[in-house]
1. Let a ≥ b ≥ c be the square roots of the eigenvalues of the Cα gyration tensor of the chain; is it rounded (a/c under 1.5), or, if not, prolate (a/b larger than b/c) or oblate?
2. At a 10 Å Cβ-Cβ cut-off, how would you order 139, 359, fewest neighbours first?
3. Per 0.36 nm of contour for each residue apart, how much would the distance between residue 2 and residue 143 grow if the chain were fully extended, relative to their Cα-Cα spacing?
4. Given a Förster distance of 22 angstrom, what is the FRET efficiency for residue 354 paired with residue 334, based on the Cβ-Cβ distance and rounded to 0.05?
5. Once both axes come from the Cα atoms, what is the angle between helix 325-336 and the longest principal axis of the chain, in degrees from 0 to 90, rounded to 10?
6. Would you mind calculating the gained length between residue 29 and residue 51 on full extension (0.36 nm times residue separation, minus the Cα-Cα distance), in nm to one decimal?
7. Pull out a ≥ b ≥ c, the square roots of the eigenvalues of the alpha-carbon gyration tensor of region 178-356, then state rounded if a/c is under 1.5, prolate if not and a/b is larger than b/c, and oblate in the remaining case.
8. For the pair residue 153 and residue 264, how long in nm is the line joining their label points, each one 7 Å along Cα→Cβ?
């Protein structure tokens, strides 16, 4: 099939999922066209069947904020018409679902019936989309989509509670490419470059927004390192990164924290990691937790949002109430204090991640595409 994918081309979860999905579809001989303002950070053009179309926004002094959704709609129409696309799959409701609706109406004028799939990822619904300034537009554009998916049961429930959604919502979990985390990677991992032989390595990866509670990450680490020699890796950039720095200095652990910034080498970083920390206020799914588990890394997380659908309490890690730093630290110490116990949790994490492999999840998206295509042919 010929599929257009619209996403944010960033390090965020929605952009990563959309990019990995497109590359997986191309490997199965679908023709995939990415439509966005920059090339997605994980997009690998070595794969055949992949195309990138940049949305150009003309600067005009009248606009304090340039109307991206108008340029995006026009580019969607151009790409669909030129390449005879059958499906537009938009990730993140704002502004992609609304822009897709406008493109769909313009294409009708050309006699083209493009089918639109909207995937909701989290904050586009729970934080931004539910704001009074956007709520009606988001509700309308989601209802006008031909198919709607969410990345967890929790997000589906939140969406139905916040909006009057008339469409059926399909839950299709986020996925992992296990091949990126081969078992042998751990055997070759040079941990000594990060920590001493007797030290454990804890890691947190995020965009350092308030919802990630990164000060909690540092507090958990502070309590762990009092009992177990440890290093903390903080990966990513964002508004709360300075808060994490200040907290580390306040608690006297700054010299034991490595600030690595944004990275495309997550597999290598997770290879070094003994335990992953994700104490978020909420997560629609927790893709980064799944990536950690694929890399044989148990997870200490909050029990909010979709995280209990990913992290199995007592098996792949532990769940705690949001903000319960002491319970998270206690659970972290329990896993890390004994090498045999840590090894068991690592094995469990890897095994559980296989349920979310791209091979398991991709057919659900393909079925939605095929069903919509068959509907058009009726």
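Read-outs throughout are calculated quantities, based only on the coordinates presented, and are distinct from any laboratory measurement. These numbers were taken from a predicted model, which means no experiment stands behind them. Positions of Cβ are backbone-derived with ideal geometry, glycine not excepted, and every protein chain shown enters the neighbour counts.
1. prolate
2. Taking fewest neighbouring Cβ atoms as first place, the list is 359, 139.
3. Computed gain between residue 2 and residue 143 is 48.4 nm.
4. 0.35
5. It is inclined by approximately 70 degrees.
6. 6.6 nm
7. Values: a/c = 1.30, a/b = 1.14, b/c = 1.14.
It comes out rounded by the Cα gyration axes.
8. Result for the modelled spin labels: 3.7 nm.
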